[in-house]
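Structure, as structure tokens:
The values are calculated or read from the model by the stated rules, or taken from the named source; none is laboratory data. Note that the coordinates shown come from a computational prediction; the quantities given were computed from them, not determined experimentally. Cβ placement follows ideal geometry from the backbone for every residue including glycine, while neighbour counts extend to all protein chains displayed. Side chains are part of the model used for accessible areas, which takes the heavy atoms of the whole protein and leaves out ligands, DNA and RNA. Shrake-Rupley method; radii C 1.70, N 1.55, O 1.52, S 1.80 Å.
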Amino acid sequence: MAKDTWIGDIRAGQHDGAEVELKGWVHRSRGSNKIRFVVLRDSTGTLQCVVKRDAVGDEQFEAMKEALIESSVIVHGTVQATDREHGHEVQVSSLTIVGPVNPDRPFPITESAMEQADGGETEFLLDNRHLYLRTGRMTTMLKIRSTVFGAIHSYFRDLDFTEYQAPNFVAGAVEGGSTLFEVPYFGRKAYLTQSWQLYAEAAMPALERLYTIAPSFRAEKSRTRRHLTEFWHAEMEMAWSSNDDIMGHGEGVVRHIARSLLDENEAELSSIGRDLDLVANYADNPYPRMRYDEAVETLQGMGVEIEWGQDLDYSKEKVLTADFDVPHFLTHYPRVAKPFYHRPDPDDPKYVLCHDLLAPEGYGEIIGGGERTWSESEILERIDEEGNDREAYEFYVDIRRYGGVPHGGFGMGIDRVCTWLTGSDHIREVIPFPRDSRRVTP
RNA sequence: GCCGACAUAGCUUAGUUGGUGGAGCGGUGGACUGUUAAUCCACAGGUCGCAGGUUCGAGUCCUGCUGUCGGCGCCA
């Protein structure tokens, strides 16, 4: 039963002249009542199969004629190298329709629907997501996405980081003010996690260097092309490290992702129209670091209305990054603009030792991180300062009572990185079943 | 939470100052032995999102509702 012949291999010339058994789905079918050209699709590509009535007999020929788009079929035939469009085709000797498609409900996704969506993902394509995944564009995105996940794992594992899992049911918030998804929990309230960070800090004295790839949940009613309510979060935490050390790894992992895409998915990137030189730029060049104050001065110099102490919102990030040709780090935000766990700068406690990584081309923030407040007295002071409940963070504070050390980490929005590196118009383009404030189905 | 758009066949859409809703794709039937979004002929397919209102007459104008999309804020 197992499949052993793949369209990608045939197109690479590995089966020229050979008899093959090919399993796949009908992508297109056309022809006359004596000869049909069936473009077959599998996970590795498409290939034209030539079905002649004389070769397969009336019964199989009629069956093929009736097989609609996305019918699953097994064909036997001979691989032939040709000068025609696909380079290779299969001369079919026999075929079986495995799973037919009902003509009352034909495959509903048309070229015009996809062109019109232009990556914008119409309601129809979102409703029929299980079928949209089969289209070339979505299949390509899923392959690129897989490379990105693999690259994150290989970056951290090659540097002896340990992969570590935090709970997804939690009792309290990480981000001050962010909205949590509340779930019933045996008569109590629990929440879906927004970040593994607090639990990562708990394991930091044990593992010293740790990372995770996990979903995070935020109940924000955001209506933008860069937000999901469930997104994939790559996070790392490291003992004995400074803000600069952490940024080094943020830059390292992003450049490694860009390099991996060039090494493994050049054809896929080209097929969705991505400029490879841009991606190479992101892989090969260092990412500059700029202090918050500098950014504010730059913006003020450009005539943007901004006061010191304000967080930089997306519209300001966009103005700031307009001329950037690689991602830039923004560091040393005002203490008042950031949550309690950021460590105040010992040289000037008006600031915290933190960083955001801003992607170019207007894609916005892809990483947020920095040093953590690590002494008991300082963390209590910061919790009180923000009016948080000490009790809710008891275990978090307790970590610091047993050999606290300087440490830090970051969180990276993997879906945002995928959106940016593929040059996509919308974060929904790079995840199979996107979740936002208005959609949990299919 | 705030602001702004949109809703016509399975899909993508046209529809002029209000006057009998068209097309392409897809489907069905037929023709065709080398097609590349194949081509050609024919047929089927519509509560114009829902509910009211104005009018002799509403897909078109007005009100409300629902849904969807985009932007802001917040963030990754």
If you go through A:425, A:415, A:398, the only one that is open to solvent by 30 Å² or more (accessible area, probe 1.4 Å) and out of contact with any Asp or Glu (no Cβ under 8 Å at 6 or more places or on another chain) is A:398
Of those in the stretch A:72-89 that are out of contact with any helix residue (DSSP H, G or I) (no Cβ under 7 Å at 6 or more places or on another chain) and more than 10 Å from RNA strand B (Cβ to nearest atom), the residue farthest from residue A:1 (Cα to Cα) is A:81
Per the filter on the stretch A:21-46, residues surrounded by fewer than 18 Cβ atoms within 10 Å (Cβ to Cβ) and either of a type in the set (D, E, K, R) or over 17 Å from residue A:135 (Cα atoms) (or both) are A:21, A:28, A:30, A:31, A:32, A:33, A:34, A:35, A:37
Checklist entry - Is it true that some residue in the stretch A:352-369 is outside any loop (DSSP other than H, G, I, E, B), acidic (Asp, Glu), more than 16 Å from RNA strand B (Cβ to nearest atom) and in the same structural domain as residue A:231 (by TED's automatic domain parsing)? => result no
Reported set for the stretch A:60-88 where residues are part of a strand (DSSP E or B) and touching a Leu at 6+ places or on another chain (Cβ under 8 Å) is A:73, A:74, A:75, A:76, A:77, A:88
Per the filter on the stretch A:305-322, residues within 11 Å of RNA strand B (Cβ to nearest atom) and either under 22 Å from residue A:350 (Cβ atoms) or free of Cβ contacts under 8 Å to residues at least 40 places away in the same chain (or both) are A:306, A:310, A:311, A:312, A:313, A:315, A:316, A:317, A:319
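For the condition buried (at least 20 other Cβ atoms within 10 Å of the Cβ), out of contact with any helix residue (DSSP H, G or I) (no Cβ under 8 Å at 6 or more places or on another chain) and at negative phi, what is the one hit in A:347, A:323, A:356? Before you say what the answer is, go through the steps one by one.
On the way: A:347 fails: buried (at least 20 other Cβ atoms within 10 Å of the Cβ); A:323 fails: buried (at least 20 other Cβ atoms within 10 Å of the Cβ).
Criteria check complete, one pass: A:356.
Among the candidates A:67, A:55, which residue alone is crowded, with 20+ Cβ neighbours inside 10 Å, touching a residue at least 12 places away in the same chain (Cβ under 8 Å) and within 11 Å of RNA strand B (Cβ to nearest atom)? Walk me through it before giving the result.
Values: A:55 fails: crowded, with 20+ Cβ neighbours inside 10 Å.
The match here is A:67.
Of all residues in the stretch A:101-142, which are open to solvent by 70 Å² or more (accessible area, probe 1.4 Å) and more than 10 Å from RNA strand B (Cβ to nearest atom)? Break it down stepwise before answering.
As a first pass, look at the stretch A:101-142 and keep what is open to solvent by 70 Å² or more (accessible area, probe 1.4 Å): A:102-105, A:111-112, A:115-116, A:118, A:123-124, A:127, A:130, A:134, A:137.
A:130, A:134, A:137, listed by residue number.
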